[in-house]
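For reference, the structure is listed below as structure tokens.
The values are calculated or read from the model by the stated rules, or taken from the named source; none is laboratory data. On a predicted model such as this, the values are computed, not experimentally measured, just so you know. As a convention, Cβ positions derive from the backbone with ideal geometry for all residues, glycine included, and neighbour counts pool all protein chains shown.
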Amino acid sequence: MYMRDLQKILGGDAVGEVNQPLTGVGTIRSATSTQITFLANQRYRSDLSSSRAGAVIVGNADRDLTPLPRLVVANPYACFARVAQLFNPPALYASGVHPAAIIHADAQVAESASVAEYVSIGRGAVIGEGARIGPGCIIGDDVWVGAHTCLVARVTIYARCTIGARGIVHAGAVIGADGFGFAPDFSAGDGGWVKIPQVGRVVIGDDCEIGANTSIDRGAIDDTVVGNDVKIDNQVQVGHNCVIGDHTIISGCVGIAGTSTIGRRVMMGGGSGVIGHLEICDDAIVSAMTLVTKSITEPGMYTGSMPLMKHGDWLRNVVHVRRLGALADAIKNAAGSK
Amino acid sequence: MYMRDLQKILGGDAVGEVNQPLTGVGTIRSATSTQITFLANQRYRSDLSSSRAGAVIVGNADRDLTPLPRLVVANPYACFARVAQLFNPPALYASGVHPAAIIHADAQVAESASVAEYVSIGRGAVIGEGARIGPGCIIGDDVWVGAHTCLVARVTIYARCTIGARGIVHAGAVIGADGFGFAPDFSAGDGGWVKIPQVGRVVIGDDCEIGANTSIDRGAIDDTVVGNDVKIDNQVQVGHNCVIGDHTIISGCVGIAGTSTIGRRVMMGGGSGVIGHLEICDDAIVSAMTLVTKSITEPGMYTGSMPLMKHGDWLRNVVHVRRLGALADAIKNAAGSK
Amino acid sequence: MYMRDLQKILGGDAVGEVNQPLTGVGTIRSATSTQITFLANQRYRSDLSSSRAGAVIVGNADRDLTPLPRLVVANPYACFARVAQLFNPPALYASGVHPAAIIHADAQVAESASVAEYVSIGRGAVIGEGARIGPGCIIGDDVWVGAHTCLVARVTIYARCTIGARGIVHAGAVIGADGFGFAPDFSAGDGGWVKIPQVGRVVIGDDCEIGANTSIDRGAIDDTVVGNDVKIDNQVQVGHNCVIGDHTIISGCVGIAGTSTIGRRVMMGGGSGVIGHLEICDDAIVSAMTLVTKSITEPGMYTGSMPLMKHGDWLRNVVHVRRLGALADAIKNAAGSK
């Protein structure tokens, strides 16, 4: 492919040698003379002069920053992502059902779908056009998988849950396990926990990506709902009856307790958590390892993590957190006694 | 089913129209005229007057709160859970072994058990009466699965581990992987870590539920022990040689390091953690994202999380955590110099 | 086996009855008269006099602490690990491929390797001498598994990733899922996230152990790299393009965001986290549930966790964290006004 082809497909201005042949993408430091790189983060600006890339995607402001053949666009990072997609199209799978897949007679699998070995598909399930069900996936009864969605491998979807079109679900993800709901009944002697049947579903929109070993629980009575274009990383836990808005991004190791409502375009940092029964408004950003303990009603960034200290400094300082109330009183007294 | 049937099965007082026909359960806001709901949390009290439910389960104090047909009981939440179970019995599986399951000749599978496709059961394993081994489960040698326990799908149980009766284990759970034990031996040149064989088991009691993608490690020499009626949510990690008491509840994303002893009826909040070699007494409650760094010897609630702040407030305030010791000294001096 | 045999194999001094027959290992409290235990932690010193062990491994300083038959060595813990390995050798698997495994015609599986039921091995994959691919593993195209490495069960390795020799990967681990990379493109109307193809690999060295349900993402363009003798516990998330040095130990529930470089012999405590694009130097120790928010350039221990408090104490004290800046100002004023 040539620079001029990229310009035709993706728009922008091709500046410099438009006949530069390109075979792939690379980072600004590792790209070779037949690879195209990009400059989106000004932090890497100084690396550009020493880059051996064959071409570069830059923003309008950086049009004249380099003599390299360049594609000048409004959003160089998004443009780079699209170029990378052109050079690295998703794997193609032959349509059809592997003989070592077990599909219930009452399931519907589109002829253009691809079902791999060791897959189990339950009664009433529907697998859409061009969908891919990778090896070892377990698809429960009445599950609905949208067109062109790819379950990579070893994905489990419990009965009646649905996922929209063009999604990607990575290995080990579990969609629709029982929410964590038990009523205490310790009155009669020892007693114990009474399980509340979890009869809602998980309903996932279009264009979502769900990470490896992530779990999204089904609703207790109503459904757990994930919007469109939601991106969820690995090792995430979404509790029952959560509602997650379109375009929201959830990083790895996040835990969201039940019945929380997360808005649109929210960004949850890695390892952050949400107490149950809260609301987080559109466009909120939650920092890494921050616990959301009350609803967030205004957009912006929210943080609640401890700073990193040398262990000796931590010992000397953090012990006083346990007596901050007394310290505050002492200050008030000192100020008052002046 | 009619209100009067529920009363006969579950006790309590049926007040109002006992011939109300009911087909299921609903939330106080979503229930329809043939569904029964419940009022346990006083927060939802005001929703009751506008509820379109056909009937409601209430506590004794709320007997006269509504004209709806109602079942008056001591513990409305537990009663609701049992009603929901009546309307939503667990899935029934035909007994027998799927032809695409591989069962060692020396394993014992009860005739009433159900073994699904792509299951592997090892030598000497015992599967109890009415148990369900769902698709893709891997059961190691000499594993023991109690009567009526359900491994939903893709559960792995390593050799020699046991789980009692009436349990539920969700997809992706791993019971009995090696504990994390290595001895450093860096003396000879570079050296490295020497693996300590993990030869204990995991022993799980009756009536336990284990969440999706949760892992419970086998003991190093002695066993890892989980009591009866223990409920463990998704994405939880239990280290080797932990002992967890009856009725304890462990929420999602909790991590418990090795050789910790957790008492009975303990509640671990989501994302909380326990350092190894500690004890937590009966009836302790650990808040979400709290790290337990020393043994807890008195019942009650324990917390150690950071409050949520707007990021600007966090920047302004939390920087001072690094100099709390100096602040405390300054206060002492100020007070002393009066 | 006799004490004298252990001494011949492992070195050190055998003191006392060298003909003591031994059948296994035990803890200092649980070992029986035919088991050998060890004393490495001085905390258990007082237990030695009441131990019923048949023999004990001690350090040079403890040579005369007990009349028990004893093996005196420089590193009793590492010696104990090796003795435990002698008594508990890893499971042996018959070489060969189970008929219910599906292996691409263009894959190479060593004759001495063992491939279990319900395994899928892709085109161009290479399985080394003596390797074990346990039940339910999914091995992508062009994956390389080193000699004597054991994938216990239900491990997924995505295309082109490699793992070295003598490794152990536990059930549910996912190696090589897509890194979490999306470019925002919300300019045109609503817009959305543009996926950045993740075309790097995961490259894992020799002698590594990867825990249950852990995930290590493939690189975006360059590779994610895990060195030799790295030990990773359960439920860990390693983001794309991380580089992890030899001998590093990562405890359970750790999350490492993308493009972080972790040195050699680093120890990451349970539940700790690392923000992306940082470096952690050799020999750093990060405490449990500590978030690393900036690069660590000096060896030593680093901590950033909140102390545990009774909930009432937490309420009284931690509220003041939100006004630490004002408190610090008040102190400065009080001191200045003297």
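Does the stretch B:5-28 contain any residue that is exposed (fewer than 15 other Cβ atoms within 10 Å of the Cβ) and of a type in the set (Val, Ile, Thr)?
Yes; the residues of the stretch B:5-28 include at least one that is exposed (fewer than 15 other Cβ atoms within 10 Å of the Cβ) and of a type in the set (Val, Ile, Thr).
Would you confirm, using the coordinates I've provided, whether B:Arg132 is under 29 Å from C:Thr156 (Cα atoms), touching a Cys at 6+ places or on another chain (Cβ under 7 Å), modelled with pLDDT of 95 or more and not assigned by TED's automatic domain parsing to the domain that holds B:Ala55?
Values: under 29 Å from C:Thr156 (Cα atoms): yes; touching a Cys at 6+ places or on another chain (Cβ under 7 Å): yes; modelled with pLDDT of 95 or more: yes; not assigned by TED's automatic domain parsing to the domain that holds B:Ala55: yes.
Yes.
Quick one: A:Ala334 ticks every box in (1) within 43 Å of the chain's Cα centre (by Cα); (2) within 7 Å of another protein chain (Cβ to nearest Cβ) except a single one, so which number is it?
Looking at each condition in turn, A:Ala334 falls short on (1).
Would it be correct to say that B:Ala105 is exposed (fewer than 14 other Cβ atoms within 10 Å of the Cβ), more than 20 Å from B:Gly26 (Cα to Cα) and not assigned by TED's automatic domain parsing to the domain that holds B:Ile57?
Values: exposed (fewer than 14 other Cβ atoms within 10 Å of the Cβ): yes; more than 20 Å from B:Gly26 (Cα to Cα): yes; not assigned by TED's automatic domain parsing to the domain that holds B:Ile57: yes.
It is true that B:Ala105 is exposed (fewer than 14 other Cβ atoms within 10 Å of the Cβ), more than 20 Å from B:Gly26 (Cα to Cα) and not assigned by TED's automatic domain parsing to the domain that holds B:Ile57.
Against the conditions (1) exposed (fewer than 13 other Cβ atoms within 10 Å of the Cβ); (2) at the interface with another protein chain (Cβ under 10 Å from one of its Cβ atoms); (3) without any contact (Cβ under 8 Å) to a residue 24 or more places away in the chain; (4) not basic (Lys, Arg), where does B:Pro90 fall short? Just the number, please.
(3)
Might you check whether a residue that is more than 9 Å from chain B (Cβ to nearest Cβ) and modelled with pLDDT of 95 or more occurs anywhere in the stretch C:40-49? Can you show your working first?
First, pick out the residues of the stretch C:40-49 that are more than 9 Å from chain B (Cβ to nearest Cβ): C:41-49.
When the remaining residues are screened for being modelled with pLDDT of 95 or more, the result is none.
So far as the stretch C:40-49 goes, no, none of its residues is more than 9 Å from chain B (Cβ to nearest Cβ) and modelled with pLDDT of 95 or more.
Spot the failing condition for A:Gly271; the list is (1) under 22 Å from C:Ala328 (Cα atoms); (2) touching a Cys at 6+ places or on another chain (Cβ under 8 Å), and only one is missed.
Condition (1) is where A:Gly271 drops out.
Quick check on my filter: what residues within the stretch C:295-313 are surrounded by fewer than 16 Cβ atoms within 10 Å (Cβ to Cβ) and within 18 Å of A:Ser305 (Cα to Cα)?
Within the stretch C:295-313, C:Ser295 is the sole residue that qualifies.
Just to be sure before I move on: is C:Ser215 at pLDDT below 95 and hydroxyl-bearing (Ser, Thr, Tyr) in the structure I sent? Show your work before the answer.
On the way: at pLDDT below 95: no; hydroxyl-bearing (Ser, Thr, Tyr): yes.
In short, no.
Could you check the stretch C:295-322 and list, in sequence order, the residues that are more than 18 Å from A:Val321 (Cβ to Cβ) and at the interface with another protein chain (Cβ under 7 Å from one of its Cβ atoms)? Outline the logic, then answer.
Just the residues of the stretch C:295-322 that are more than 18 Å from A:Val321 (Cβ to Cβ), to begin with: C:295-301.
Scanning the stretch C:295-322 gives C:Gly300, C:Met301.
Which of the residues spanning the stretch B:201-248 are within 11 Å of chain A (Cβ to nearest Cβ), part of a loop (DSSP other than H, G, I, E, B) and closer than 22 Å to C:Gly271 by Cα?
Within the stretch B:201-248, B:Gly211, B:Ala212, B:Asn213, B:Thr214, B:Asp233, B:Asn234, B:Gln235, B:Val236, B:Thr248 qualify.
Out of C:Ala183, C:Ala188, C:Ala147, report the one residue that is farther than 30 Å from A:Ser251 by Cα and either at pLDDT below 95 or not basic (Lys, Arg) (or both).
Exactly one residue qualifies, and that residue is C:Ala147.
Listed residues C:Gly258, C:Gly276, C:Gly271; which is within 12 Å of chain A (Cβ to nearest Cβ), under 16 Å from the mean Cα position of the chain (by Cα) and not in a strand (DSSP E or B)? Before you say what the answer is, go through the steps one by one.
Numbers: C:Gly258 fails: under 16 Å from the mean Cα position of the chain (by Cα); C:Gly276 fails: under 16 Å from the mean Cα position of the chain (by Cα).
Criteria check complete, one pass: C:Gly271.
So is A:Gly325 more than 7 Å from chain B (Cβ to nearest Cβ) and buried (at least 24 other Cβ atoms within 10 Å of the Cβ) or not? Break it down into steps so the answer makes sense when it comes.
Values: more than 7 Å from chain B (Cβ to nearest Cβ): yes; buried (at least 24 other Cβ atoms within 10 Å of the Cβ): no.
Spelling it out, it is not the case that A:Gly325 is more than 7 Å from chain B (Cβ to nearest Cβ) and buried (at least 24 other Cβ atoms within 10 Å of the Cβ).
I'd like the full set of residues that are in a loop (DSSP other than H, G, I, E, B) and surrounded by fewer than 16 Cβ atoms within 10 Å (Cβ to Cβ), limited to the stretch A:93-102. Walk me through how you get there before you give the answer.
So the first thing to find is which residues in the stretch A:93-102 are in a loop (DSSP other than H, G, I, E, B), and the list is A:93-95, A:98-101.
Hits for the stretch A:93-102 are A:Ala94, A:Pro99.
Consider C:Phe180 against the criteria (1) of a type outside the set (S, T, N, Q); (2) surrounded by fewer than 24 Cβ atoms within 10 Å (Cβ to Cβ); (3) closer than 19 Å to C:Val236 by Cβ; (4) over 22 Å from the mean Cα position of the chain (by Cα): it satisfies all of them except one. Which criterion is unmet?
The one condition C:Phe180 does not meet is (2).
Does the stretch B:272-288 contain any residue that is free of Cβ contacts under 8 Å to residues at least 40 places away in the same chain, touching a Lys or Arg at 6+ places or on another chain (Cβ under 9 Å), surrounded by fewer than 21 Cβ atoms within 10 Å (Cβ to Cβ) and on the phi > 0 side of the Ramachandran plot?
Checked the stretch B:272-288: at least one residue is free of Cβ contacts under 8 Å to residues at least 40 places away in the same chain, touching a Lys or Arg at 6+ places or on another chain (Cβ under 9 Å), surrounded by fewer than 21 Cβ atoms within 10 Å (Cβ to Cβ) and on the phi > 0 side of the Ramachandran plot.
Take the conditions touching a Phe, Trp or Tyr at 6+ places or on another chain (Cβ under 9 Å) and closer than 18 Å to A:Gly200 by Cβ and apply them to A:Gly252. Does it pass? Spell out the reasoning first.
Values: touching a Phe, Trp or Tyr at 6+ places or on another chain (Cβ under 9 Å): yes; closer than 18 Å to A:Gly200 by Cβ: no.
So A:Gly252 does not fit the description; no.
Which condition does A:Thr66 not pass, out of (1) under 27 Å from C:Gly191 (Cα atoms); (2) assigned to a loop (DSSP other than H, G, I, E, B); (3) not aliphatic (A, V, I, L, M), if it passes all the others?
Failed condition: (1).
Any idea which of C:Ala31, C:Ala40 is over 12 Å from C:Arg70 (Cβ atoms), outside any helix (DSSP H, G or I) and touching a strand residue (DSSP E or B) at 6+ places or on another chain (Cβ under 6 Å)? Quick ask: steps written out before the conclusion?
Details: C:Ala40 fails: touching a strand residue (DSSP E or B) at 6+ places or on another chain (Cβ under 6 Å).
It is C:Ala31.
Within the group C:Ile244, C:Ile232, C:Ile196, which residue is in contact with a helix residue (DSSP H, G or I) (Cβ under 7 Å, 6 or more places away or on another chain) and crowded, with 24+ Cβ neighbours inside 10 Å? Explain how you work it out, then say what you get.
On the way: C:Ile244 fails: in contact with a helix residue (DSSP H, G or I) (Cβ under 7 Å, 6 or more places away or on another chain); C:Ile232 fails: in contact with a helix residue (DSSP H, G or I) (Cβ under 7 Å, 6 or more places away or on another chain).
So the residue among C:Ile244, C:Ile232, C:Ile196 that is in contact with a helix residue (DSSP H, G or I) (Cβ under 7 Å, 6 or more places away or on another chain) and crowded, with 24+ Cβ neighbours inside 10 Å is C:Ile196.
Rundown of residues vs (1) within 25 Å of B:Cys253 (Cβ to Cβ); (2) touching a Ser or Thr at 6+ places or on another chain (Cβ under 8 Å); (3) basic (Lys, Arg), yes/no style:
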| residue | (1), (2), (3) |
| --- | --- |
| C:Thr259 | yes, no, no |
| C:Thr290 | yes, yes, no |
| C:Met306 | yes, yes, no |
| C:Ala326 | no, no, no |
| C:Lys332 | no, no, yes |
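Only one residue in C:Thr162, C:Thr224, C:Thr248 is farther than 30 Å from A:Thr23 by Cβ and not aromatic (Phe, Trp, Tyr), so which one is that? Even if it seems obvious, please write down each step before you answer.
Values: C:Thr162 fails: farther than 30 Å from A:Thr23 by Cβ; C:Thr224 fails: farther than 30 Å from A:Thr23 by Cβ.
From the options C:Thr162, C:Thr224, C:Thr248, the qualifying one is C:Thr248.
Filter the stretch B:141-182 down to residues that are part of a strand (DSSP E or B) and more than 8 Å from every other protein chain (Cβ to nearest Cβ), then give me how many there are.
The qualifying residues number 10.
Counting only residues that are in a loop (DSSP other than H, G, I, E, B) and aliphatic (A, V, I, L, M), which one in the stretch B:183-200 is farthest from A:Ile196 (Cα to Cα)?
As a first pass, look at the stretch B:183-200 and keep what is in a loop (DSSP other than H, G, I, E, B): B:186-191, B:196-200.
This time we only want the ones that are aliphatic (A, V, I, L, M), so: B:188, B:196, B:199.
Numbers: B:Ala188: 57, B:Ile196: 41, B:Val199: 36 Å.
Step by step, filter the stretch B:183-200, then rank; the result is B:Ala188.
Kindly provide the set of residues from the stretch B:108-134 that are more than 18 Å from B:Gly167 (Cβ to Cβ) and crowded, with 18+ Cβ neighbours inside 10 Å, ordered by number.
Result: B:Glu117, B:Tyr118, B:Ser120, B:Gly122.
Output the residue which, of all residues in the stretch A:279-289 that are more than 12 Å from C:Ile275 (Cβ to Cβ) and either assigned to a loop (DSSP other than H, G, I, E, B) or among the aromatic types (Phe, Trp, Tyr) (or both), is nearest to the other protein chains (Cβ to nearest Cβ). Write out each step before concluding.
Of the residues in the stretch A:279-289, the ones more than 12 Å from C:Ile275 (Cβ to Cβ) are A:279-286.
Retained after the next criterion (residues that are either assigned to a loop (DSSP other than H, G, I, E, B) or among the aromatic types (Phe, Trp, Tyr) (or both)): A:281-283.
On the way: A:Cys281: 13, A:Asp282: 12, A:Asp283: 11 Å.
Of everything passing the filter in the stretch A:279-289, A:Asp283 is nearest to the other protein chains (Cβ to nearest Cβ).
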